[in-house]
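Structure first, commentary second.
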Amino acid sequence: MAATATSFQALIQPYSNYLSSSSLFPSSTSCIASPSSLLKPKIICSSSSSASPLTVVNGNVERSSVVPDRKEIRLGLPSKGRMASETLDLLKDCQLSVRQVNPRQYVAEIPLLSNLEVWFQRQKDIVRKILTGDLDLGIVGLDTVTEFGQGNDDLILVHDALDYGQCHLSIAIPKYGIFENINSLDELARMPQWTKEKPLRVATGFTYLGPKFMEEKGLKHVTFSTADGALEAAPAMGIADCILDLVSSGTTLRENNLKEIDGGVVLQSQAVLVASRKSLIQREGILETTHEILERLEAHLKAAGQFCVTANMRGSSMEEVAERILSQPSLSGLQGPTISPVFCKRDGKVSADYYAIVICVPKKALYKSVQQLRAIGGSGVLVSPLTYIFDEETPKWRDLLQKLGL
């Protein structure tokens with residue numbers, strides 16, 4: 001019996017710091033560790049507060065269908081790195097600047113959104129704390145949501161493309177040795193070297209997505225080793241045959257004599273806005289706050305890819321000018337051109353010899369659009385950046401309500 005108790009204590013040791021976290025469990029929480037199975041220790045924790053009971057099984061946290069009783073809405077943002085700075089920049093561009101009194105503090109506010117707290121956390125902790133109910137919303141990479149959310153139904157994507165933090169999760173193999181002529185996942189899988197006794201060794205920090213991908217692709221003899229950072233050195237050190245890691249430009253791979261292979265991309269990722277389904281349904285005021293955040297994000301992101309172009313054009317009527325403009329493929333605008341008469345006074349009489357045209361054009365098509373305007377008689381072309389383009393209703397808001405069944 002003493003040996004059993006010792007073994008059980010060793011098994012639950014990795015969770016001791018997690019269970020003692022004051023941010024997860026208040027002081028009124030009591031925990032009971034039950035060695036019902038030495039292979040799957042189960043820790044049941046209950047709180048005398050109105051927060052629902054928690055179950056921790058092998059490090060995975062589950063909470064019942066009731067959200068914690070607090071008035072504040074909590075938004076998790078990345079605390080470090082490029083993702084953190086780009087997130088703050090995006091929010092600032094949407095007039096949702098984050099005010100942090102002390103840079104060492106992990107809590108801040110967005111003055112324009114009352115009753116909302118901003119919590120700076122690691123990306124994976126944002127996902128975990130949304131699942132435990134300690135956060136309601138979060139901005140993280142899609143790769144983090146998928147890896148640490150593991151398909152949990154409570155996680156819901158509010159906005160799936162915030163247009164920064166783009167990267168992809170991919171398999172990379174050495175350019176040399178037995179891999180020199182291997183250029184696809186199929187070729188890698190068919191290599192005779194991989195057996196039950198000597199499987200393909202993959203170094204990765206994605207221990208959920210990696211095995212899932214390999215199983216879906218039919219690779220049988222594969223083993224994974226957990227690693228964080230500097231994965232590119234693993235094949236050269238002989239501790240792995242290949243790696244599974246996030247790739248942006250691919251420069252780091254090339255500098256370490258590694259290459260991606262066809263069919264080896266597991267996931268395309270960028271920054272997303274994610275939320276707790278339970279919080280969106282149950283927490284007072286969160287839908288209104290989420291709606292405003294979503295509207296601002298969508299309006300800014302839509303405007304970021306457009307220019308407003310204004311030009312003058314001679315014509316006999318607005319209809320005749322519209323006919324000329326719509327004959328050009330790059331001048332249709334969002335819904336069509338806005339045309340209004342330009343009045344001038346000649347010989348004591350007021351007349352409209354010119355018409356002003358206002359259209360929105362994609363930034364990538366700006367020069368082509370200007371050329372087409374000139375070709376049909378446009379002059380005095382003015383180009384202005386756009387801050388927001390608000391639709392009648394944000395499509396992603398309708399999608400969110402449909403996901404929630406509202």
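For the stretch 252-331, which whole percent of the accessible surface, found with a 1.4 angstrom probe, sits on carbon and sulfur atoms? Display every interim value, and only then the final one.
Working: 1690 of 3610 Å².
Accessible surface attributable to carbon and sulfur in the stretch 252-331 totals 47 percent.
Which value, in Å², gives the accessible area per residue of the stretch 289-406 when a 1.4 Å probe is used on the protein heavy atoms? Working shown, then result.
Working: 6840 Å² over 118 residues.
Heavy-atom accessible area per residue stands at 58 Å².
Based on Cα coordinates alone, diagonalise the gyration tensor for the stretch 284-352, multiply each eigenvalue by 5, take square roots, and list the semi-axes in whole Å, largest first.
Details: eigenvalues 306, 54, 19 Å².
In descending order the semi-axes read 39, 17, 10 Å.
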| To the nearest 20 debye, what charge dipole does the stretch 56-207 have about its Cα centre, counting +1 at the Cβ of each Lys and Arg and -1 at the Cβ of each Asp and Glu? | 560
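Please work out the ratio of the alpha-carbon Rg of the stretch 159-304 to 2.2 N^0.38 Å and round it to two decimals.
On the way: Rg = 19.5 Å, N = 146, 2.2 N^0.38 = 14.6 Å.
Taking the Cα Rg and dividing by 2.2 N^0.38 Å, one obtains 1.34.
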| remark: Rounded to whole angstroms and listed largest first, the alpha-carbon spread of the stretch 361-406 along its three principal axes comes to 52, 17, 16
| field | Residues with amide H under 5 Å from that of G378, placed H, sequence gap 5 or more | value | none
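Within 12 Å, Cβ to Cβ, of D241, how many net charges do the neighbouring residues add up to if Lys/Arg are +1 and Asp/Glu are -1? The partial results should precede the final answer.
Details: positive: K198, R201; negative: none.
That sum, taken over residues with Cβ under 12 Å, equals +2.
If you place +1 on the Cβ of every Lys and Arg and -1 on the Cβ of every Asp and Glu, how big does the dipole about the Cα centre of the stretch 291-351 come out, in debye to the nearest 20?
On the way: 7 positive and 7 negative charges, 76 e Å.
Its charge dipole is roughly 360 debye.
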| said: Give me the Å³ per residue figure for the convex hull around the C-alpha atoms of the stretch 66-150. | reply: 95
| remark: Judged on accessible area alone, 1.4 Å probe, highest first, M313, M237 line up as M237, M313
| remark: Ordering 72-81, 384-393, 125-134, 281-290 by per-residue average of other C-beta atoms within 10 angstrom, highest first, gives 125-134, 72-81, 281-290, 384-393
| request: Using amide H atoms built 1.01 Å from N in the peptide plane, name the residues 5+ places from V118, or on other chains, whose amide H lies under 5 Å from its own. | output: L75, A108, E109, I110
| HN-Hα J couplings of the stretch 291-307 from phi, Karplus 6.51/-1.76/1.60, θ = phi - 60°, integer Hz, Gly and Pro as x? | 4, 5, 4, 5, 4, 5, 4, 5, 5, 5, 5, 5, 6, 4, x, 10, 10
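Suppose a student asked you for the relative contact order of the stretch 112-214, using Cα pairs under 8 Å spaced at least 6 residues apart; what percent would you report? Each step should come with its number before you reach the end.
Values: 41 pairs, mean separation 22.8, N = 103.
RCO, the stretch 112-214: 22 percent.
Please calculate how many Å² of accessible area the stretch 76-145 carries per residue, with a 1.4 Å probe and no DNA, RNA or ligand atoms counted. Don't skip to the end; give the middle numbers.
Working: 3330 Å² over 70 residues.
Per-residue value: 48 Å².
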| Counting pairs of alpha carbon atoms under 8 Å apart in space and at least six apart in sequence, what relative contact order in percent does the stretch 173-308 give? | 27
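Kirkwood hydrodynamic radius, the stretch 115-158, all distinct C-alpha pairs: what's the number in Å?
Details: mean 1/r = 0.0947 Å⁻¹.
Value: 10.6 Å, from the Cα pair sum.
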| said: List the residues, sorted by chain then number, that are 5 or more residues from D163 or on another chain and whose placed amide H is less than 5 Å from its amide H. | reply: A271
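The values are calculated or read from the model by the stated rules, or taken from the named source; none is laboratory data. Remember, it's a predicted structure, so these values are computed and weren't measured experimentally. Cβ: placed from backbone, ideal geometry, glycine included. Neighbour counts: every protein chain shown. Surface areas here come from the heavy atoms of the whole protein model, side chains and all, with no ligands, DNA or RNA. Shrake-Rupley method; radii C 1.70, N 1.55, O 1.52, S 1.80 Å.
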